[in-house]
Amino acid sequence: MSFFDTTPTGRILNCFSTCQNEVDSAVPFYLNIQLMFSLMAIFSLIISAVTFPYMLLPACILVMVLIILVSLFLRNVCTLKKMEDISRSPCISLFTSIVKGLGTIHAYDKTHNYTERFKSLSDINANHFLLFNYGLFWISYIMGTLYVIMTLIVALLGVFISNDVYSPPLKALSLNFILQLSANSQYLIMSLISVEARFISMERLLEYITGSEELEEQLKVDLVSEDWPQHGVITFLDYKMRYRQNLPVVLNGLQLHIRAGEKIGIVGRTGSGKSSLAVALFRLVEPTGGSILIDGVDITSISLSNLRTKLSIIPQDPMLFTGTVRYNLDPFNRHSDEEIWAALEKTYMKDTICGLERKLQAELADNGGNFSVGQRQLISLSRALLRNSKIILLDEATASIDAETDALIQITIREAFRRSTVLTIAHRIHTVLQADRILVLNHGQVAEFDHPEVLKQRPDSLFASLLTASNTVAF
């Protein structure tokens with residue numbers, strides 16, 4: 001997963017749009033041209049050599065010069081093509097960011113700044129694009145000049161060689177095919193250069209295809225039972241994690257035991273390691289040291305697919321897929337309509353779905369755009385309820401919704417998931433005041449872990465200071 005942290009979105013989009021298009025369309029097109037003109041050039045050369053063998057001497061000299069010239073040119077033209085591809089990625093990244101943050105840009109009146117940045121990046125890309133094409137024009141001009149010189153030499157040889165040796169019609173026929181050879185060879189070499197330059201796109205695609213994948217060893221045959229985990233007990237044993245090899249640890253020696261069915265609130269200042277805890281549970285990053293046990297099973301001893309299907313997460317901006325309501329709740333078609341309606345009723349979404357024209361078969365807009373953020377979170381809770389997840393993680397799930405929906409989510413967590421272990425990561429302290437225990441993280445370590453009432457009574461408590469800073473009224 002660190003690949004997506006270090007690779008700009010624009011670079012990935014550029015690779016799988018422009019580069020993919022060149023591999024699928026441009027390379028076959030130029031290869032077809034190359035094959036066609038290579039055959040035409042060979043036939044022209046054979047006929048010219050048979051009718052007027054003296055043309056072979058200047059032709060051999062020309063071929064040697066062209067080989068040297070093209071080999072030198074290919075090094076530079078491939079570099080220019082690569083620079084043109086690379087310089088396009090920042091343009092796409094910036095454009096994607098602008099589209100996502102258009103409202104914020106207008107609100108802060110930063111249109112001019114982003115326009116200038118986009119112009120600057122576009123100019124850089126255009127410069128590399130022009131240099132690449134100017135390079136092609138230059139080699140085309142040089143080849144044209146060389147072919148004209150060769151044609152002139154062959155024509156002069158035809159003038160000075162006696163007509164008794166080679167008749168004028170043969171000389172004319174040879175000269176005609178030499179002219180065709182010049183044109184065909186020029187197209188052939190240009191198509192060769194174009195194919196070579198487009199192979200840069202194939203090289204970039206191969207980098208992604210052969211890139212490192214998530215650790216998924218074949219020997220992990222999942223020795224756990226199908227109904228694992230049955231309780232939802234989570235234990236961190238001196239757990240350490242860093243996002244990349246050259247970065248500091250973000251979770252540093254976590255010692256933690258969460259009982260089955262507990263509702264845990266996770267708080268801390270920015271950078272304390274709250275979201276990293278979720279990353280660790282889902283094994284998005286492999287541990288640097290220590291281990292995590294779920295119902296006594298080390299999560300590194302089972303496959304990623306099995307681990308992640310047993311856990312549920314409701315992020316701040318829940319992900320819904322284009323399709324029906326039923327598909328989003330039960331994509332693998334494992335539950336009956338009655339079970340789905342029961343889950344929706346427990347999450348207070350039954351009336352909303354019943355109000356839709358096609359109910360469970362109603363189509364969702366892109367990313368659930370026809371539902372509010374809170375409703376999307378409740379649908380995600382319904383999905384977790386259907387999966388009967390024993391461990392549920394809410395990653396700041398109530399940071400951007402109204403108080404009424406917030407209350408519904410809290411009620412759903414207490415009632416529908418009373419037998420599940422629920423970890424709630426929140427910045428707003430009042431969303432976790434009803435939790436069984438509060439986990440306070442500081443610099444990737446456990447600073448405090450106790451009942452909220454106990455922590456509130458401690459004068460030196462970090463949780464109490466966070467509570468005071470947030471101006472939250474205690475219950």
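The values are calculated or read from the model by the stated rules, or taken from the named source; none is laboratory data. All of these numbers come straight from a predicted model, not from anything done at the bench. Note: ideal-geometry Cβ built from the backbone for every residue, glycine included; neighbour counts use all protein chains shown.
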_Which pairs turn up if I take residues in the range 1-30 that are in contact (Cβ under 8 Å) with a residue 60 or more places away in the chain and closer than 28 Å to L284 by Cα and look for partners that are surrounded by fewer than 15 Cβ atoms within 10 Å (Cβ to Cβ) and among the β-branched types (V, I, T) with beta carbon separation below 8 Å, at least 6 apart in sequence or on another chain?_
T9/T96; G10/T96; L13/T96
*So is S380 in the same structural domain as T421 (by TED's automatic domain parsing) and in contact with a Lys or Arg (Cβ under 8 Å, 6 or more places away or on another chain) or not?*
no
*When the range 270-317 is examined, which residues are found to be part of a strand (DSSP E or B), out of contact with any Lys or Arg (no Cβ under 7 Å at 6 or more places or on another chain) and under 16 Å from V233 (Cα atoms)?*
S291, I292, L293, I294, V297, D298, L311
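Surrounded by 14 or more Cβ atoms within 10 Å (Cβ to Cβ), at pLDDT below 80 and touching a Ser or Thr at 6+ places or on another chain (Cβ under 7 Å): is that true of K240 in this structure? Show your work before the answer.
Values: surrounded by 14 or more Cβ atoms within 10 Å (Cβ to Cβ): yes; at pLDDT below 80: no; touching a Ser or Thr at 6+ places or on another chain (Cβ under 7 Å): yes.
No: the conditions fail for K240.
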*Test each condition in (1) surrounded by fewer than 21 Cβ atoms within 10 Å (Cβ to Cβ); (2) among the β-branched types (V, I, T); (3) under 27 Å from L256 (Cα atoms) for I391 and report the one that comes out false.*
(1)
*Kindly establish whether A365 is in contact (Cβ under 8 Å) with a residue 40 or more places away in the chain and exposed (fewer than 15 other Cβ atoms within 10 Å of the Cβ).*
yes
*Out of (1) touching a helix residue (DSSP H, G or I) at 6+ places or on another chain (Cβ under 7 Å); (2) of a type outside the set (D, E, K, R); (3) surrounded by fewer than 17 Cβ atoms within 10 Å (Cβ to Cβ), what's the single condition that is false for V267?*
(3)
*Name the residues in the range 318-351 that are hydrophobic (A, V, I, L, M, F, W, C), surrounded by 15 or more Cβ atoms within 10 Å (Cβ to Cβ) and assigned to a loop (DSSP other than H, G, I, E, B), would you?*
L320, M349
*K359: charged (D, E, K, R) and either at positive phi or not assigned by TED's automatic domain parsing to the domain that holds S389 (or both), yes or no?*
yes
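With under 25 Å from the mean Cα position of the chain (by Cα) and at negative phi as the only criterion, which of Y114, Y134 stands out?
Values: Y134 fails: under 25 Å from the mean Cα position of the chain (by Cα).
Being under 25 Å from the mean Cα position of the chain (by Cα) and at negative phi holds for just one of Y114, Y134, which is Y114.
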_Name the single residue that is nearest to S93 (Cα to Cα) among those in the range 4-20 being in a helix (DSSP H, G or I), of a type in the set (S, T, Y) and under 14 Å from the mean Cα position of the chain (by Cα)._
T9
_Cβ contacts < 8 Å: first residue touching a residue at least 60 places away in the same chain (Cβ under 8 Å) and more than 29 Å from R428 (Cα to Cα), restricted to the range 301-316; second residue basic (K, R) and surrounded by 15 or more Cβ atoms within 10 Å (Cβ to Cβ), any location; separation 6+ or different chain. Result?_
S301/K220; I302/K220; S303/K220; L304/R283
*asked:* Residues that are surrounded by 17 or more Cβ atoms within 10 Å (Cβ to Cβ), more than 16 Å from Q445 (Cβ to Cβ) and in contact with a strand residue (DSSP E or B) (Cβ under 7 Å, 6 or more places away or on another chain): does the range 270-282 have at least one?
replied: yes
*N246 vs. criteria polar (S, T, N, Q), in the same structural domain as I438 (by TED's automatic domain parsing) and assigned to a strand (DSSP E or B)*: no
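Within the range 407-475, which strands (runs of 3 or more DSSP E) (wholly inside it) include 1 or more residues that are touching an Asp or Glu at 6+ places or on another chain (Cβ under 9 Å) and surrounded by fewer than 20 Cβ atoms within 10 Å (Cβ to Cβ)? Quick ask: steps written out before the conclusion?
Working: elements: 421-425, 437-442, 445-450.
Strands (runs of 3 or more DSSP E) meeting the threshold: 437-442.
Going by the structure shown, is I314 touching a Leu at 6+ places or on another chain (Cβ under 8 Å), of a type outside the set (D, E, K, R), modelled with pLDDT of 85 or more and outside the structural domain of K100 (by TED's automatic domain parsing)?
Values: touching a Leu at 6+ places or on another chain (Cβ under 8 Å): yes; of a type outside the set (D, E, K, R): yes; modelled with pLDDT of 85 or more: no; outside the structural domain of K100 (by TED's automatic domain parsing): yes.
Answer is no for this residue.
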*Here are T288, T324, T270: which of them is under 29 Å from the mean Cα position of the chain (by Cα) and at pLDDT below 90?*
T270
